[in-house]
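The values are calculated or read from the model by the stated rules, or taken from the named source; none is laboratory data. Computed from a prediction, not measured in an experiment: that's the story for all the values here. Positions of Cβ are backbone-derived with ideal geometry, glycine not excepted, and every protein chain shown enters the neighbour counts.
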Amino acid sequence: MPQGVLSFSVEGTNESLTSNAGTILFGEYLKAIGIDTLCNTHLPLPQSNRGYMPFEHIQPLLLMLHSGGRVLDDLRMIHHDTALKETLKIKRTPISESVGKWMSRHGLQGIYGMEAINRTLLKRQVKTVYEPLVLDIDASVIFSQKHTAETTYKMQSGYTPMIGHINGGFVIHSEFRSGNIAPADNNLTFVKRCQAQLPKGKTLSFFRADSASYQAALFNHCNTHHITYTVGARLDASVYANIQEITAWEPFQTKEGIAHHVKEEIGEFLHTMHDTDHAFRMIVIKKSVTPLLPEMWDMLSTEEKLNLAKERYHVIATNADENLSAEEIVRFYRKRGETSENRIKEFKNGFNLSYLPSSNFIANAFYFQIGVLAYNLFILFKQTLQNSWHKHTVATIRYKLYHLAGKVVKHSRQIILKVQEGFVEIFYAIRERIYKASLE
């Protein structure tokens, strides 16, 4: 026995233990909402009776991504977790090499299948959304040294997937794109595909994006379909000339009603682009930036700060009517930092999608869509958790739930999952909501 600092010893056991007791609840949720049926319906079936069914490939991937796995080799953690497999009735799991070959072989069919599965899950999600639907789109960058990677606009090789969220969470549609495709390419087509994903009777009310979507065709489409757009505008010569003619600047109010007299002011004017079929409002945020060390800021009077300030402009294009003030439009647009940019960070970092497993572009696109499915299922699964957990990231849920220790025992042909006493009521409550979800 090795010498230790503290007086305890380490022994092995043949008991059925798991460090993923909470992940078992997520696995039960997959069965409750019929992900197994959806996968086996929309994804390519094996060519022989001995082959793995699609859900046998997808289930361990979803469990691995939710429990924090980063690479395909991490599937072995699911493979060796006999307690988890026994509880979820997983009879066999493919090795990582088999999963990689399966994604390469069925990549294109898999992408279309994932879109169909996502469309079905979206129906479940929109039932819980009672406010108007807001679409946020944004491109992201996945840096990679794969030989299929191309140089991105950030001057490093990788891929630039486009991602669309509705109401700050659920990924309604995504496209895995080559790194040399600009974020502004095919945005109108992307928005139309997002609309096509919506269930019958549901329509978009708002569209929000950065300046990559500052496009006349996209504005015309939104205006025709009665979608209120708020899009970051480009500060070109004509826009700048109009800004110089603004005389009525209003101080921007914080949520507490305090005006930033020095830092930010708001103005607006009407504008058209060469190919737009309507005029739209341009909301201008004028920021006064004083190039001083923070320690010197409090030493100056307001008049001195104004004399030193340099002006910078940020512009937002919108077809919103006068019922929305310029200040309200700015607040609404700035929410995309949380509802889009931070959600993409959670999607990429929380589910380790900055790593791609293959040199095959289509296989990587399929894997990316599996990651989208994992993320969307996380959004849905959080609805079964207590209200105070609904805003938690996946990292926090792993810490609080997924990675709890458990012991599986069999008694009278019944499987019993034992967890620490303090978590029993939490497990009961979650399982009750999972059962209700299975009835929807």
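A few comments on the model shown:
- From the options Thr148, Thr128, Thr120, residue that is of a type in the set (Ser, Thr, Tyr) and assigned to a helix (DSSP H, G or I): Thr120
- For the stretch 1-52, residues that are small (Gly, Ala, Ser) and farther than 21 Å from Leu380 by Cα total 8.
- Looking across the stretch 45-68, the residues that are crowded, with 16+ Cβ neighbours inside 10 Å and either more than 16 Å from Ile95 (Cβ to Cβ) or charged (D, E, K, R) (or both) come down to Pro54, Phe55, Glu56, Leu62, Leu65, His66, Ser67, Gly68.
- Residue in the stretch 120-132 that is touching a residue at least 40 places away in the same chain (Cβ under 8 Å) and touching a Ser or Thr at 6+ places or on another chain (Cβ under 6 Å) present: yes
- Residue match in the stretch 148-158 (condition: at positive phi, surrounded by fewer than 21 Cβ atoms within 10 Å (Cβ to Cβ) and over 20 Å from the mean Cα position of the chain (by Cα)): yes
- When we screen Phe55, Phe26 for residues that are in contact (Cβ under 8 Å) with a residue 40 or more places away in the chain and among the aromatic types (Phe, Trp, Tyr), the only hit is Phe26.
- Pair list, Cβ under 8 Å, 6 or more apart: the stretch 233-253 residue without any contact (Cβ under 8 Å) to a residue 60 or more places away in the chain, other residue surrounded by 15 or more Cβ atoms within 10 Å (Cβ to Cβ) and basic (Lys, Arg): Trp249/Lys286
- For the stretch 420-440, filtered to residues that are aliphatic (A, V, I, L, M) and within 26 Å of Gly34 (Cβ to Cβ), the residue that is surrounded by the most Cβ atoms within 10 Å (Cβ to Cβ) is Ile430.
- For the stretch 326-389, the helices (runs of 4 or more DSSP H) that sit wholly inside it and include 3 or more residues that are closer than 27 Å to Thr120 by Cβ are 342-350, 361-381.
- Thr393, sole failed condition from (1) closer than 24 Å to Ile166 by Cβ; (2) among the β-branched types (Val, Ile, Thr); (3) touching a strand residue (DSSP E or B) at 6+ places or on another chain (Cβ under 8 Å): (3)
- Scoring Phe252 on the criteria (1) crowded, with 18+ Cβ neighbours inside 10 Å; (2) in contact with a strand residue (DSSP E or B) (Cβ under 7 Å, 6 or more places away or on another chain); (3) modelled with pLDDT of 85 or more leaves a single failure, condition (3).
- The stretch 390-399: number of residues that are touching a residue at least 40 places away in the same chain (Cβ under 8 Å), surrounded by fewer than 18 Cβ atoms within 10 Å (Cβ to Cβ) and assigned to a helix (DSSP H, G or I): 1
- Given (1) buried (at least 19 other Cβ atoms within 10 Å of the Cβ); (2) free of Cβ contacts under 8 Å to residues at least 24 places away in the same chain, index of the condition Trp102 fails: (2)
- Failed criterion for Lys31 (all others in (1) over 15 Å from Gly110 (Cα atoms); (2) within 26 Å of the chain's Cα centre (by Cα); (3) surrounded by 21 or more Cβ atoms within 10 Å (Cβ to Cβ) hold): (3)
- Which numbered condition Asn167 misses (of (1) surrounded by fewer than 17 Cβ atoms within 10 Å (Cβ to Cβ); (2) at positive phi): (1)
- Here the stretch 175-208 is the region considered, the condition is being of a type outside the set (Lys, Arg) and under 18 Å from Leu324 (Cα atoms), and the residue that is surrounded by the most Cβ atoms within 10 Å (Cβ to Cβ) is Phe207.
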